[in-house]
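Worksheet: the structure to be examined is printed underneath.
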Amino acid sequence: MESLYLLVPLSVGVVIAIGWVFWRALESGQFDDLERPGYSILEDDDLKR
Amino acid sequence: MPAAQCYHCGLLVAEPGRWRAPLLGAPRDFCCAGCEAVAGTIAAAGFERYYETRSAAGTAPAELAPAEELDDPQAQAQFVAATGEHGREASLILDRIRCAACLWLVEQWLRRQPGILRASVNYATRRAHVAWDARSTKLSQLVAAVRAIGYDAYPWDPQRQGAMERGERRKALWRLFVAGFGAMQVMMYAFPAYLDDGGTLPRDVEALFRWASLLLTLPVLLFSCTPFFAAAWQDARHRRISLDTPIALGIAAGFGASAWATLAGSGAVYFDSIAMLVFLLLGARYLELGARQRAARSLDRLARWMPSFALRLAGEAPHKVAVHLLAPGDRVLVPAGERVPADGVVERGASSADESLLTGEARPVRKAAGARLVGGSVNLEQPLVLRVMRVGAETQAAAIGRLVERAAAARPRAVAGADRIARSLTWLVLAVAAAAGLYWQDPWVAIAVLVATCPCALALATPVTLTAASARLLSLGMALTRARALEALERATDVVLDKTGTLTEGRFALARTVPLGALDAQACLQLAGALESASRHPLARAFGGAATAAAVDPLSCPGRGMEGSIDGRRLRIGSESFCRELCEVAPPRAFVPPDASHTPVFLACSTGWLAAFLLTDRLRPEARGLVAGLRNAGLHVHLVSGDQPAVVEACARRLGIECFAGAVAPEGKLEYIARLQGEGRVVLMIGDGLNDAPVLARADVSIAMGGGADAAQLQADLVLTGDSLRGVVAAMRLARRTMRIVRQNFGWALAYNALALPAAAAGWIGPWEAALGMAASSFIVVLNAGRISAPARDQRPWKASTSSYRSQSA
């Protein structure tokens with residue numbers, strides 16, 4: 001039971017860390033356009049080089 | 001030295017060095033201060049990449065001015081239309097809108113302003129359409145009025161819309177994720193307490209779990225819940241009530257009570273229920289947001305039919321100018337293959353124009369000197385000189401665009417019924433909670449009433465079901481752009497079909513080749529293909545792919561045909577008279593096309609006639625199955641088209657449609673639908689093309705072809721994502737099933753509240769049971785909605801229709 005005193009605060013910290021990582025991803029624009037990545041695989045980058 | 005081009009808009013730079021700014025690591029020349037400023041703005045915003053990735057020159061959009069500057073006539077030219085001497089009209093984008101009630105408030109508020117003639121708000125696009133009297137008010141005053149009630153308004157500007165959308169979506173997603181992470185973890189902490197059957201969970205460990213739950217629910221409450229609290233507060237200030245009111249009260253009371261229990265170390269906590277409830281509600285809202293933004297985005301495409309630049313003639317020399325700088329009376333050169341920049345009259349030249357965007361009809365229209373040209377249509381064959389008559393907001397294309405928006409804004413009143421029930425129930429819940437709390441002298445009873453009867457099952461009943469239906473529709477090849485469309489689809493009694501592009505494929509195809517000379521059909525087809533390969537004419541596309549050789553010096557004669565040499569032989573393809581001039585003999589036998597839906601094209605060489613080709617706009621293979629399926633479902637089928645009456649009649653006969661009308665203008669289609677609606681009928685419109693867009697908006701429910709013009713899609717409730725009609729009958733069936741489930745959910749939620757309300761008020765259920773009951777009622781609603789995704793068990797009246805649909809389309 002005593003381990004809970006370590007694990008529960010740890011889990012709170014982990015949730016906050018996950019939230020922060022997600023916020024970074026969101027602010028970097030990863031979720032702005034969920035349709036484009038599907039098309040980008042079809043865009044021929046080789047032609048420009 | 002080659003003349004420098006403006007780095008922004010591509011115009012020639014008259015004074016190199018006068019407007020110069022560094023961009024992408026090199027100094028760039030601009031044609032004017034406007035382009036320099038725009039480029040500077042783009043660069044300052046960090047969008048320099050635009051210049052690297054763009055495939056065409058940019059335009060110089062007007063900067064969004066502060067409210068007072070909106071009254072400047074120069075600025076207004078972009079977004080204000082004059083109606084009569086003093087009347088003005090404009091479209092405004094509304095910001096900080098949270099729900100349908102906000103839109104209603106803005107609409108009502110605007111109507112109360114002095115000098116306002118008309119104000120309507122489009123719920124799908126969050127745009128207000130306002131008309132005012134220029135003598136008694138100004139646009140800036142209207143914008144100030146909207147700001148005074150806590151919202152904001154901007155004149156229509158696509159770039160602003162894009163930024164607004166992104167910010168709104170990011171924030172909504174962030175709220176959803178905070179609630180989601182919180183809910184998951186808090187549920188973990190709550191689990192031991194649920195399993196505890198007395199004494200197995202030490203008090204201090206339980207307190208630890210409670211404190212951890214409190215800590216993680218706090219961001220959910222303070223951040224994720226702000227939309228509910230803000231909406232409830234806004235409503236309270238205007239002495240109104242909405243579904244957000246009890247949700248906000250329930251969440252606040254539940255959290256307050258739980259926090260008190262945690263601090264005091266006694267009593268029940270239900271942080272898990274709160275976090276889960278918030279997550280579910282926000283999830284539904286996020287999906288709704290995505291659907292609404294998709295609809296709004298497609299509306300912006302309306303502006304893109306007009307080209308950005310026109311070639312204005314000063315004397316005989318063409319100069320490239322931005323389209324909004326054109327004025328009536330200007331002379332403009334329209335090269336072949338380009339869009340016409342404004343409404344006007346042909347001054348010189350002869351060509352044909354593709355007006356299919358505006359009329360929906362694929363047949364090109366012949367244009368000679370004196371003919372009217374419509375802005376947005378495509379000049380197909382030869383350059384034309386156009387005298388501009390109407391520009392910008394006055395053009396026919398812009399007028400149709402406004403018609404579309406206005407027609408759509410006139411609709412959503414019908415959905416108010418369900419809201420009213422929920423609203424009166426909300427009052428009841430609040431009153432009972434207060435009364436019970438006072439009677440028992442115990443705040444816990446009041447909280448139990450609020451939590452147990454928090455109308456979240458009621459609030460979830462419709463959105464959750466519609467979301468499931470929307471996903472199912474997508475797998476059937478249809479995108480639902482307006483959730484309430486399913487309700488109308490279920491009640492539909494009449495179907496109005498468009499012909500061109502809907503029942504037919506919308507492009508000419510070769511139906512038959514009749515050899516008239518020595519050469520066989522295959523050889524004639526190859527010659528025709530070779531001649532037509534140089535033509536832009538829509539009829540020419542029917543011969544695409546048949547060519548093995550190319551014609552020497554092909555020459556296009558507008559409205560008549562093509563001439564060219566192949567293997568040293570002079571050949572002509574086109575109308576009968578055109579070919580006759582070459583071979584100088586009458587056709588071998590009087591050639592009569594079988595009916596008006598076929599267009600004959602002739603091929604001749606200098607020594608005689610070679611062949612006649614019959615072209616037709618082919619019926620879609622699934623059209624017959626669609627009409628039969630709709631009739632079997634008990635719907636009346638109508639065919640209304642802008643095409644020639646004889647063609648429409650032939651088409652209706654072949655499909656077995658009894659009600660049909662040809663040569664119907666867009667206004668005529670509107671009247672046709674209004675007449676049906678006047679008889680109490682619920683009309684489903686299936687169509688495509690710009691001329692159908694207002695009609696699609698006027699109908700009770702509408703379906704647009706995915707391959708059709710963008711404009712039609714934006715006002716349609718459903719868009720067929722594949723270029724096929726196959727999903728329509730299945731969508732009808734799904735709509736009936738969905739509405740049945742919505743009613744079950746509504747009934748269940750109401751029944752649960754009817755039982756829980758007196759029980760909680762009587763003090764029989766504690767907050768703990770109340771939270772469980774509320775969660776269970778929501779869960780049942782969600783599970784029931786999930787049944788939509790399961791494969792359909794065909795209902796008896798539908799069985800006949802589906803089997804016959806399949807056998808006919810097979």
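Residue count for region B:174-204 under the criterion of being within 10 Å of chain A (Cβ to nearest Cβ), crowded, with 19+ Cβ neighbours inside 10 Å and either small (G, A, S) or within 36 Å of the chain's Cα centre (by Cα) (or both): the result is 5.
Scan region B:237-257 and give yes if some residue there is in a helix (DSSP H, G or I), farther than 21 Å from B:A434 by Cβ and free of Cβ contacts under 8 Å to residues at least 60 places away in the same chain, otherwise no. Looking through region B:237-257, none of the residues is in a helix (DSSP H, G or I), farther than 21 Å from B:A434 by Cβ and free of Cβ contacts under 8 Å to residues at least 60 places away in the same chain.
For region A:1-33, the set of residues classified as within 7 Å of another protein chain (Cβ to nearest Cβ), closer than 18 Å to B:Y286 by Cβ, open to solvent by less than 70 Å² (accessible area, probe 1.4 Å) and not in a loop (DSSP other than H, G, I, E, B) consists of A:G19, A:F22, A:L26, listed by residue number. Pairing residues of region B:85-107 that are at pLDDT 70 or above with residues that are among the basic types (K, R) and open to solvent by 10 Å² or more (accessible area, probe 1.4 Å), at Cβ distances under 6 Å and at least 6 apart in sequence or on separate chains, gives B:H86/B:R135; B:L94/B:R126.
Within region B:726-741, residues that are in a loop (DSSP other than H, G, I, E, B) have Cβ atoms under 8 Å from residues that are surrounded by fewer than 23 Cβ atoms within 10 Å (Cβ to Cβ) in these pairs: B:R726/B:G477; B:R726/B:E622; B:R726/B:G625; B:R726/B:S809, counting only partners at least 6 apart in sequence or on another chain.
Residues that are at pLDDT 70 or above and within 14 Å of B:R740 (Cβ to Cβ) were ranked within region B:782-798; the one that is most open to solvent (accessible area, probe 1.4 Å) is B:R787.
Considering B:A452, B:A434, B:A469, the condition of being of a type in the set (G, A, S), touching a strand residue (DSSP E or B) at 6+ places or on another chain (Cβ under 9 Å) and modelled with pLDDT of 70 or more is satisfied by B:A469 alone. Among all positions in region B:205-224, there is at least one residue which is touching a Pro at 6+ places or on another chain (Cβ under 7 Å) and in a helix (DSSP H, G or I). When B:A145 is tested against (1) modelled with pLDDT under 80; (2) within 30 Å of B:W233 (Cβ to Cβ); (3) surrounded by fewer than 17 Cβ atoms within 10 Å (Cβ to Cβ), exactly one condition is not met: (3).
Would you say B:P645 is out of contact with any Lys or Arg (no Cβ under 8 Å at 6 or more places or on another chain), touching a residue at least 60 places away in the same chain (Cβ under 8 Å) and within 14 Å of B:T500 (Cα to Cα)? For B:P645, the condition - out of contact with any Lys or Arg (no Cβ under 8 Å at 6 or more places or on another chain), touching a residue at least 60 places away in the same chain (Cβ under 8 Å) and within 14 Å of B:T500 (Cα to Cα) - is not met. When we screen B:F271, B:F223, B:F279 for residues that are open to solvent by 30 Å² or more (accessible area, probe 1.4 Å) and in contact (Cβ under 8 Å) with a residue 60 or more places away in the chain, the only hit is B:F279. Is it the case that region B:205-215 has a residue that's over 20 Å from B:V449 (Cα atoms) and away from chain A (no Cβ under 14 Å)? No - not one qualifying residue is present in region B:205-215.
Close contacts from region B:595-609, counting a first residue that is within 30 Å of B:P645 (Cα to Cα) and not assigned by TED's automatic domain parsing to the domain that holds B:L582 and a second that is surrounded by fewer than 24 Cβ atoms within 10 Å (Cβ to Cβ) and modelled with pLDDT under 80, with Cβ to Cβ under 9 Å and a gap of 6+ residues or different chains, come to none at all.
The values are calculated or read from the model by the stated rules, or taken from the named source; none is laboratory data. Just so it is clear, the model here is predicted, and its values are computed rather than measured. Quick reminder, even Gly has a Cβ in these numbers, built from the backbone with ideal geometry, and neighbours come from all protein chains shown. SASA here: full protein model, heavy atoms, side chains in, ligands and nucleic acids out. Shrake-Rupley method; radii C 1.70, N 1.55, O 1.52, S 1.80 Å.
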